[in-house]
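First comes the structure, then the notes that go with it.
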Amino acid sequence: MGLWTERVVPHLTDRALAGREVTALREAACEGLAGRVLEIGFGSGANLPCYPPEVVTVDAVEPSDVGWRMSAGRRAAARVPVRRTGLDGQRLDAGDASYDAVLSTFTLCTIPDPSLALAEVRRVLRSGGSFHFLEHGLAPVARVAAWQRRLDPVQRVVCGGCHLSRDVPALVAAAGLVVEELRESYLPGPAVSRPWTHGFVGRAVAR
């Protein structure tokens with residue numbers, strides 16, 4: 001990772017994805033989580049206060065040492081035990097059918113190969129286990145989607161590899177996960193960025 005991506009982007013992300021409206025979306029994504037949970041792209045641990053009491057343990061995949069250090073306070077205050085189990089969501093250090101649920105928030109936009117990561121999610125989920133996600137990606141309006149694609153190169157440089165135009169529901173379905181719940185809307189934030197950040201909150205099941 002370059003200096004900007006490693007040292008600066010985690011702090012920018014933590015601030016940009018905070019606030020009441022985004023927290024409400026995090027709570028919606030975490031609803032129904034239970035048992036043994038894997039969170040890919042753990043970041044600064046912003047989801048920890050949103051975990052329901054049915055969650056027993058959390059295994060965290062986080063590539064950034066800065067992000068992991070930033071999460072220390074939240075981990076210390078969390079009701080549920082958290083351990084760091086890997087650095088790469090594309091190669092999960094877990095056996096098949098190891099988890100009751102997997103959570104991903106604002107992560108699939110940045111992972112170099114989201115299809116590979118989602119195949120790993122499908123592999124480590126038990127039958128009937130659920131994948132909960134809060135992501136941003138391809139907008140349904142053609143004009144907006146065209147601008148997302150134009151802005152992708154800038155977004156990747158400024159935001160540490162983040163893409164604006166990935167079709168998240170299609171990627172989830174292509175991994176063999178059945179999307180059972182999906183809400184779409186433009187994410188809250190500054191007016192200048194809102195048209196380009198189309199959000200998805202959903203739950204998919206491993207059959």
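Each residue of segment 15-29 in order: what ³J(HN,Hα) in whole Hz does its phi give by Karplus 6.51 cos²θ - 1.76 cosθ + 1.60, θ = phi - 60°, with x for Gly and Pro?
Taking θ as phi minus 60°, the curve returns 6, 5, 9, 10, x, 5, 5, 5, 4, 4, 5, 4, 4, 5, 5 Hz for segment 15-29.
Using the Cα centre as the reference, give the magnitude of the dipole from point charges on the C-beta atoms of the chain (Lys, Arg: +1; Asp, Glu: -1; all else neutral), rounded to the nearest 20 debye. Before the final figure, lay out the partial values.
On the way: 24 positive and 22 negative charges, 68 e Å.
My answer is approximately 320 debye.
Would you compute, from DSSP H runs of 4+ residues alone, the mean residue ellipticity of the chain at 222 nm, taking -39500 (n - 2.57) per run and dividing by the full residue count, rounded to the nearest 500?
Values: 7 runs with 66 residues, N = 207.
Result for the chain, helices only: -9000 deg cm²/dmol.
From the convex hull of the Cα coordinates of segment 48-199, what is the mean projected area in square nanometres?
About 9.6 nm², averaged over all directions.
Using the Karplus curve 6.51 cos²θ - 1.76 cosθ + 1.60 with θ = phi - 60°, what ³J(HN,Hα) values do you get for each residue of segment 66-75, in whole Hz, with x for Gly and Pro?
Calculated HN-Hα couplings, in order: 5, x, 5, 5, 5, 7, 4, x, 5, 5 Hz.
Just want to confirm a number: the relative contact order over segment 4-63, from Cα pairs under 8 angstrom separated by 6+ residues, in percent. Kindly include the intermediate steps, with their values, before the conclusion.
Numbers: 60 pairs, mean separation 21.6, N = 60.
Answer for segment 4-63 is 36 percent.
I want to verify a result. In a Gaussian network model of the chain, Cα cutoff 10 Å, which of these has the top mean-square fluctuation: Ala173, Ala101, Ala145?
Between Ala173, Ala101, Ala145, it is Ala173 that shows the largest mean-square fluctuation.
First select every other residue whose beta carbon is under 12 angstrom from the beta carbon of Pro112; then total the charges, Lys and Arg +1, Asp and Glu -1. Provide the component values of the computation, followed by the final result.
Working: positive: Arg91, Arg156, Arg166; negative: Asp88, Asp113.
After counting each charged neighbour, the total is +1.
How big is the charge dipole of segment 1-84 about its Cα centre, in debye rounded to the nearest 20, if each Lys and Arg gets +1 on its Cβ and each Asp and Glu gets -1 on its Cβ? If you can, show how the numbers build up before the last one.
Values: 11 positive and 10 negative charges, 54 e Å.
The calculated dipole for segment 1-84 is roughly 260 debye.
Taking amide hydrogens as modeled 1.01 Å from N in the peptide plane, which residues meet the under 5 Å criterion relative to Arg166, leaving out close sequence neighbours?
Amide H neighbours of Arg166: Leu138.
Under a GNM of the chain (C-alpha, springs under 10 Å), which listed residue has the highest mean-square fluctuation: Val61, Val154, Val141?
Among Val61, Val154, Val141, the largest mean-square fluctuation in the Gaussian network model of the chain belongs to Val141.
Counting alpha carbon pairs within less than 8 Å and at least 6 residues apart, what relative contact order, in whole percent, applies to the chain?
Values: 424 pairs, mean separation 40.2, N = 207.
Relative contact order comes out at 19 percent.
What is the ratio of the Cα radius of gyration of segment 1-76 to 2.2 N^0.38 Å, where N is its residue count, to two decimals? Kindly include the intermediate steps, with their values, before the conclusion.
Working: Rg = 12.8 Å, N = 76, 2.2 N^0.38 = 11.4 Å.
Computed over Cα atoms of segment 1-76, the ratio equals 1.12.
Hey, what do the phi angles of segment 167-176 turn into as Karplus ³J(HN,Hα) couplings, whole Hz, using 6.51/-1.76/1.60 and θ = phi - 60°, x for Gly and Pro?
8, 4, x, 5, 5, 5, 5, 5, 7, x
Taking amide H atoms as placed 1.01 Å from N in the peptide plane, list the residues 5 or more away in sequence, or in a different chain, whose amide H sits under 5 Å from that of Thr197.
So Thr197 has HN proximity to Leu187.
Across segment 113-196, how large is the tail of the calculated P(r) beyond 16 Å, expressed as a percent of all Cα pairs?
Numbers: 2035 of 3486 pairs.
In whole percent, the long-distance tail amounts to 58.
Starting from the amide H of Val55, placed 1.01 Å from N in the peptide plane, find each other amide H under 5 Å away whose residue is 5 or more places distant or on another chain.
Here the answer is Gly35, since their amide H atoms fall under 5 Å of that of Val55.
Which order do the peptides 116-122, 39-45, 28-34 take when ranked by the mean count of other beta-carbon atoms within 10 Å per residue, highest first? List each step's numbers first, then the result.
On the way: 116-122: 21.7, 39-45: 26.4, 28-34: 17.9.
Going from most to least packed, we get 39-45, 116-122, 28-34.
Quick note: the coordinates plus some simple rules give every number you see, no bench work behind them. Everything numeric in this text was worked out from a predicted model, so none of it was measured. So basically every Cβ, Gly included, is an ideal-geometry build from the backbone, and we count neighbours across all protein chains shown.
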